[in-house]
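Everything on this sheet refers to the single structure shown next.
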């Protein structure tokens with residue numbers, strides 16, 4: 001299992017969800033970085049990590065904002 005750092009590349013607001021550039025979380029994932037946002041499991045891990053760290057539900061913006069996420073393997 002690899003550990004990935006997921007960070008927001010650009011500040012913005014969509015569907016009442018406001019994110020700021022530089023927000024980041026660490027997510028363990030059994031796959032590749034490019035597959036993380038393309039799978040339901042990967043998206044749920046990211047959403048859960050942001051909820052846990054920031055109290056922010058980013059699920060409404062996952063489909064639209066995927067290009068604003070920077071995902072790097074640690």
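Of note:
- Within the range 44-63, the set of residues being in a helix (DSSP H, G or I) and in contact with a helix residue (DSSP H, G or I) (Cβ under 6 Å, 6 or more places away or on another chain) comprises 47, 59, 62.
- Residues of the range 1-43 that are assigned to a loop (DSSP other than H, G, I, E, B) and either at pLDDT 90 or above or closer than 14 Å to residue 66 by Cα (or both): 9, 10, 11, 20, 21, 22, 23, 37, 38, 39.
- Residue in the range 42-60 that is farthest from residue 28 (Cα to Cα), counting only those that are free of Cβ contacts under 8 Å to residues at least 24 places away in the same chain and surrounded by 12 or more Cβ atoms within 10 Å (Cβ to Cβ): 59
The values are calculated or read from the model by the stated rules, or taken from the named source; none is laboratory data. What you see is a predicted model, and the numbers here were worked out from it, not measured in a lab. Glycine also receives a Cβ, built like all others from the backbone with ideal geometry; neighbour counts cover every protein chain displayed.
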